[in-house]
Structures are given as structure tokens and as C-alpha cells.
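The values are calculated or read from the model by the stated rules, or taken from the named source; none is laboratory data. In this text the structure is predicted, and so the values were computed from the model without any measurement. Here the Cβ positions follow ideal geometry from the backbone for every residue, glycine too, while neighbour counts run over all protein chains shown. Quick note on the areas: whole protein, heavy atoms, side chains included, nothing else; ligands and nucleic acids left out. Shrake-Rupley method; radii C 1.70, N 1.55, O 1.52, S 1.80 Å.
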Amino acid sequence: MAYLDQFLSVIVKHGGSDLHIGEGEPPKMRMHGDIMPIRAEQVTREEAIQMMSEICGPHNWEIFEGRGDLDFAYEMDGASRFRSNYFKQSNGYGAVFRLIPTKIATLEELGIPVVVKQFAHLRGGLVLVTGPTGSGKTTTQAALVDYINQNFSKHVVTIEEPIEFVHDNKQSTITQREVPGDSSSFPAALKAALREDTDIVLVGEMRDLETVSLALTAAETGLLVFGTLHTNNARKTVDRMVDVFPAERQPQARAMLANSLRGVVAQLLLKRADRPGRIAVNEILIANAAVAAIIREGATQKLQDVIVSGKAQGMQFMDDTIWALLEKGIVSAHEAFMKAIDKNRFKPFLSAEEEALANAAGAAPDDEKRLAGNFVKPIGAPAAKRAVG
């Protein structure tokens, strides 16, 4: 058992999503959106090195020491797998470990609208799953890939950094490639996918011009491409796809996107008011002739009207989805206000105190909340190092 495992076990035991390790800070856990210390004592340099070097191996540690960043997946046991990110920071070493469920949830279990399944039936084109960090994009994509895996005989290539959910072959053949271990970069792996008799390719990160350009080309040439962007809604997603290109190439980029885009699934996680936990909310854009024309014109402000008027086709606007949860009492007025696009729509429901706080904080994250009790003793503490309270 690695020394770090006692800390990761706290995350698993208490239903947390992330473990934060930072030299000079107590270890912390994110649970239901809040970050809270899991013990009072700070992590020392000696302890940080022991935690981090032991599980990544000498080769990866050497890469991290030289580069200052490292991404990899760590399997603590058969039931617990973590996406790991190491980084150097002003106080020394730091790391964040995101718990990846080993069982892939279905789209129904995640509460994703059933219309999203129709994207799995497409023969080609581009589908973008978007949202801020920690909004469950990867989980939703994994559910979509698993739905394909159970219902279609396809060759699906995933390009990830690192591989998070592990897919076993069911009806489909799933090839999972990790950057930089299996391929040097996203563009290199995407180019290779065009020569691998691929039906569907999942691109874990579309963050640079070459990757976006190759994804659009692949979608135009007949592949079904699922891509990920860190945008909050459909309009911002379309703008980001075009804005990554230099000005002189943007008209061509708009034309390519208009031809290849099949849909956008934007996702946010909202803290529940009715019980502990969080709930996913989605904006869904299904591309049609009107959407293609809007993209070609560069008039993305018109997309909201198309989404709102496209309910019969399964489209939904983010604020309408948040509104429905507020009406049912599933989320608070404050949470709805903080996550909404049109904040004025939700402002009347805030208390005077909440409105003042919202105005002062903008969309600042919640304050850290202290969790009572030490779950894990620091290195060198009198109690057994691996005992978890």
C-alpha cells in the first residue's frame, strides 16, 4: 500500500471528487463542490515527495522534476482509479487527484436528456461536449461511448491525457490512446486515427489550432468526432471554435464548422438544495439549416433563439433548464443565479443578503469549509502512518 493511498481512501470513503495536495498546506478534499481540509497539519516537502514519487515511478518523476507538470492515471485498487496532475507551485510541490468511477454510468443514470443518444447514431460530423473544469464532461462522454459500445459495431478511437474511464470491448472495438505515452500529441494521434479504419474518434482536449483544424477536417471527411471544449454554452462553443483560427482563416473555419457541426452538449454541475450532492444541467444544440446559416454569417447571438424555438427537436437552453430546477426546489436561487447566463432573470429571487454577496463575489468559488476531525495523520506522527480515522 502506497503512503498516498490513505489520503485517497478518505476521498473514496466520504464521497469526495478530488484530493488536493500542496506543500505548506493541509491536504484537502473537494466534496459536493466545496473544498475542505482533511487534517490540520500541513504537508511538508518530505511528505509531498513521498506521496507523489512513490505512485508515479522513477521515469515519470524525472519527467515531472524536469518539466514541472505531469499527467497520468493511478489505480489504487480494482475499485478506485484517479486522474493525477502534478505541478510545481510557489510553495513547492502540488498535486490534484480526481476520482474516476470504475463503473461507467449510463446517460439515464447521469440524468442526461435522452436526445443526446441520437448523436451516437450519426455517421459523421462533429459533436462537442463542453463545460468548465469539473462539470462532468468526461463522465458524459464515457457514457456516450459506452452506449455506442453496447449498441453498434464500430471502431472507436479515444485520444486522452490521461486515459480516465477504461472501456472493455462489447459490440464495438475501443482503442484508447494516451498522450504523451501512446502518441506524442493530440494532433499526431488524430492524424493517425484517419489511417486506423476509425468510425468514431473522441478527442479529449481541443485546445490548439492544429487539433481543432484536424478535427474539423476529419468530421468533414466522414468520421464522427466527439470533442471537448471548456466553454459554458453553445454560443461560446461556436465562437471558440472559430476564434482559435487567425483572422484570415476564420471565414473558412466558419464554413467548415457550419458543414460539419452536428450538435453541442454544454454541461454545468449545480449544487443541490434538496439533498447533498450536485446535479448536471445541459444546454443542447442540434445543428440544422438555421444553425449552419448562423455559423456561416458569424451571427452567434442568434443561436439562443434557435435553441429556445427548437424544443420540439430536443433542444434546450441552459437558463430554461436551470429555471426548471429552481421551480422544483432542486437548486437554490443563489446557485441558479451564479450559474445562469442571463443573471437578471434570476436576480428577483435572491434575498437582499444573497444579492449583495453575489454582486461582491461575482462568480467566485465557495469558501473552503472545514471538516471536523483529522482523517489522516502527518508523516512522522506518533500514530500509525497508514491508519485512516
Long-range amide H partners of Phe82 with built H, under 5 Å:
Tyr74, Glu75, Met76, Ile100
May I have the convex hull volume per residue, in Å³, for the Cα set of region 145-205?
69 Å³
By the gyration tensor of its Cα atoms, with a ≥ b ≥ c the square roots of the eigenvalues, what is the shape of region 204-249: rounded for a/c under 1.5, prolate for a/b over b/c, or oblate?
oblate
Kindly write out, for region 115-130 in residue order, the coupling ³J(HN,Hα) from the Karplus curve 6.51 cos²θ - 1.76 cosθ + 1.60 (θ = phi - 60°), rounded to whole Hz, with x marking Gly and Pro.
4, 4, 4, 5, 5, 6, 8, 5, 9, x, x, 10, 10, 10, 9, 10
Could you give the length gained on full extension between Asp208 and Ala255, defined as 0.36 nm per residue of separation minus the Cα-Cα distance, in nm?
15.1 nm
Highest GNM mean-square fluctuation among Leu223, Leu350, Leu326, for the chain with Cα springs under 10 Å, belongs to Leu350
So, by mean Cβ neighbours within 10 angstrom, what's the order for 275-281, 2-8 with the highest one leading?
2-8, 275-281
Mind checking which helices in the chain clear 27 Å along their axis (Cα) and have mean Kyte-Doolittle hydropathy of 0.0 or more, DSSP H runs only?
none
With 5 Å bins from 0: P(r) over region 1-158, alpha-carbon pairs, percent
1, 8, 16, 18, 16, 13, 10, 8, 6, 2, 0
For the chain, calculate the relative contact order in percent as a whole number, restricting contacts to Cα pairs under 8 Å that are 6 or more residues apart.
16 percent
Amide H to amide H under 5 Å from Gly125: which residues, 5+ apart in sequence or cross-chain, H placed 1.01 Å off N in plane?
Gly222, Leu223, Leu224, Val225
Across region 89-94, in residue order, what do the Karplus-derived ³J(HN,Hα) couplings come to in whole Hz, using 6.51 cos²θ - 1.76 cosθ + 1.60 with θ = phi - 60° and x for Gly and Pro?
9, 4, 8, x, 8, x
Among (1) 1.11; (2) 0.95; (3) 0.98, which one is Rg/Rh (Cα atoms, Kirkwood Rh) computed from these coordinates?
(3)
Once the mean 1/r over all distinct Cα pairs of region 240-362 is inverted, what Kirkwood radius in angstroms do you read off?
16.2 Å
Once the whole set of protein chains is in place, how much accessible area is left on His20, using a 1.4 Å probe, in Å² to the nearest 10?
50 Å²
I need the shape label for region 147-254. Rule: rounded when a/c is under 1.5, else prolate if a/b > b/c, else oblate, with a, b, c from the alpha carbon gyration tensor.
prolate
In Å, descending, principal axis extents of the Cα set of region 79-229
50, 35, 25
Mean-square fluctuation maximum in Gaussian network of the chain, Cα pairs under 10 Å, restricted to Ser153, Ser332, Ser351, hits Ser351
Any chance you could count the Lys pairs in region 131-271 whose alpha carbons are under 28 Å apart, treating pairs 8 or more apart or on different chains as valid?
10
